[in-house]
Amino acid sequence: MFELLGGGVFGSLIGGVFRIIPEILKYADKANERSHELKMFSLQTDLEKMRGEFRMEERYVDHSVAALDAINSAFEQQGKADSKAWKWVASVSALVRPGVTFWFMGLYSVTKMIAVWLAWQANQSIEVILAKAWGPDDFGLLSMILTFWFVGRAIEKYQK
């Protein structure tokens, strides 16, 4: 009788286990599926971020190209106007940018010299005066102007 009971219980246990195993596998599969979907969503959001950044870069490049085209057009129009104008008008037109540069640099230099003179009158030492008279902003301004004039000339020479 024990064998009959043991076989029935054992058979029930085995049948129950075989019935529960697919449910456990389905649960594990759903967990893996959710994990996979989460990874795919994360990858899609990263892809959309990169696409957005790429679109922004494209617009920046388009804007830069448009700005350069506008500058080129302005130079061409000025060249056409200068060729049709009297010689002295073309000469005055060509001196506007250098004239403004010289005027600005002269005004800047005079301002710096007055600042040094006032510091000297306030009995500051020459080391302190010179250290404060020339800073990173002054160097940046000078390098910007020199680069504009001398690199611009090299580019114009290269384009010819």
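The values are calculated or read from the model by the stated rules, or taken from the named source; none is laboratory data. The structure presented is a predicted model; accordingly, all values stated were derived computationally and were not measured. All Cβ positions, glycine included, derive from the backbone under ideal geometry; neighbour counts span all protein chains shown.
Details
- Number of the exception - residue 54 against (1) modelled with pLDDT under 85; (2) of a type in the set (Phe, Trp, Tyr); (3) farther than 23 Å from residue 146 by Cβ: (1)
- First in the range 139-150 and within 12 Å of residue 101 (Cβ to Cβ), second anywhere and at pLDDT 80 or above and assigned to a helix (DSSP H, G or I), Cβ under 9 Å, 6 or more apart: 141/108; 142/105; 145/101; 145/104; 145/105; 148/101; 149/98; 149/101
- Screening residue 81 with (1) closer than 30 Å to residue 137 by Cα; (2) of a type in the set (A, V, I, L, M); (3) in contact with a helix residue (DSSP H, G or I) (Cβ under 9 Å, 6 or more places away or on another chain) gives one miss only, at (1).
- Residue 112 being surrounded by 10 or more Cβ atoms within 10 Å (Cβ to Cβ) and of a type in the set (Lys, Arg): yes
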